[in-house]
1. From the residues in segment 1-18 that are over 18 Å from E49 (Cα atoms) and among the hydrophobic types (A, V, I, L, M, F, W, C), which one is modelled with the lowest pLDDT?
2. Among the candidates I26, I34, I53, single out the residue that is in contact with a His (Cβ under 6 Å, 6 or more places away or on another chain) and either polar (S, T, N, Q) or modelled with pLDDT of 95 or more (or both).
Amino acid sequence: MSEFAYQIAYQYELDHRVEGRDGRRIAFPKFVEIMANMNPTWESEARFEIQKILAEAPYDDSLYT
């Protein structure tokens, strides 16, 4: 289910892309929102998953300038 939510979130990011910003800044909150809408108990799991990703690969807007 999370793979499907990621696909939707990244499509949302493509449709709402902000030049010069790490696209994950848009995609990750949307992913959490989607997961929470599907099942409120999944919200905390989604947030934890995003935190793990960002701990290893923090946002970096400089890659997009």
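1. In this case the residue turns out to be V18.
2. Being in contact with a His (Cβ under 6 Å, 6 or more places away or on another chain) and either polar (S, T, N, Q) or modelled with pLDDT of 95 or more (or both) holds for just one of I26, I34, I53, which is I26.
The values are calculated or read from the model by the stated rules, or taken from the named source; none is laboratory data. A quick note: this is a predicted structure, and the numbers were derived from the prediction, not measured. Cβ atoms come from the backbone with ideal geometry, glycine included; neighbour counts cover every protein chain shown.
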